[in-house]
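Since every read-out is calculated from the coordinates, none of them should be taken as a lab result. Just so it is clear, the model here is predicted, and its values are computed rather than measured. Glycine gets a Cβ as well: all are built from the backbone with ideal geometry, and neighbour counts include every protein chain shown.
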Amino acid sequence: MTGAYFLWIAIALEVMGATMLKLSNGFQNFLPTLLIFVFYACSYYFFSKVLKTISLSIGYAIWSGAGIFFITLVGVLYWGDSIKLHTIVGMILVVGGIWLLNSKENVKYLLET
């Protein structure tokens with residue numbers, strides 16, 4: 001597996017860990033509390049694998065940006081969190097930033113036009 005695959009696994013595990021934070025009800029529910037530690041530990045394990053092939057700055061920016069994007073989607077779709085125009089604009093900027101970080105060709109194209 002390449003670093004990119006490990007990165008998406010790390011992101012998914014981080015989002016699951018954040019979701020368990022909500023389900024734990026302030027560490028009052030045992031299983032979600034236990035799963036917080038399991039998901040975050042696994043996420044960091046896979047992120048350590050990512051860093052063998054992707055630089056820390058790029059990997060961390062994508063990991064945190066994608067995590068924010070996906071946990072916002074979970075909040076809106078699962079928890080019924082409200083979404084406002086500034087949230088949508090922010091999500092577009094996050095996705096755009098990840099797109100720029102992922103492709104040297106994208107940056108090269110933007111600088112040449």
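A dipole drawn for the chain from +1 and -1 charges on Cβ atoms has a positive end, and of 16, 61, 47 the residue lying farthest that way is 47. The C-alpha atoms of the chain define a longest principal axis, and helix 3-23 lies at about 30 degrees to it.
Pairs of lysine residues in segment 3-112 that meet both criteria, 8 or more places apart or on different chains and Cα atoms under 27 Å apart, total 4. Phi angles of segment 37-53 translate, via the Karplus equation with coefficients 6.51, -1.76, 1.60 and θ = phi - 60°, into HN-Hα couplings of 5, 5, 5, 5, 4, 5, 4, 5, 4, 5, 5, 5, 5, 4, 5, 6, 10 Hz per residue; Gly and Pro are given as x.
Identify which of the listed values of volume of the Cα convex hull per residue in Å³ was calculated from the structure shown: (i) 123; (ii) 114; (iii) 157. Only one listed value fits the structure, namely (ii). For segment 62-76, backbone phi angles converted through the Karplus equation (6.51, -1.76, 1.60; θ = phi - 60°) give residue-by-residue couplings of 5, 4, 6, x, 5, x, 4, 4, 6, 6, 5, 4, 4, x, 6 Hz, Gly and Pro being listed as x. Split the chain at each of the chymotrypsin sites (Phe, Trp or Tyr not before Pro) in a DSSP loop with at most 16 other beta carbon atoms within 10 Å, and the longest piece is 28-77. Mean separation of Cα pairs under 8 Å and 6 or more residues apart, divided by the residue count, gives the chain a relative contact order of 28 percent.
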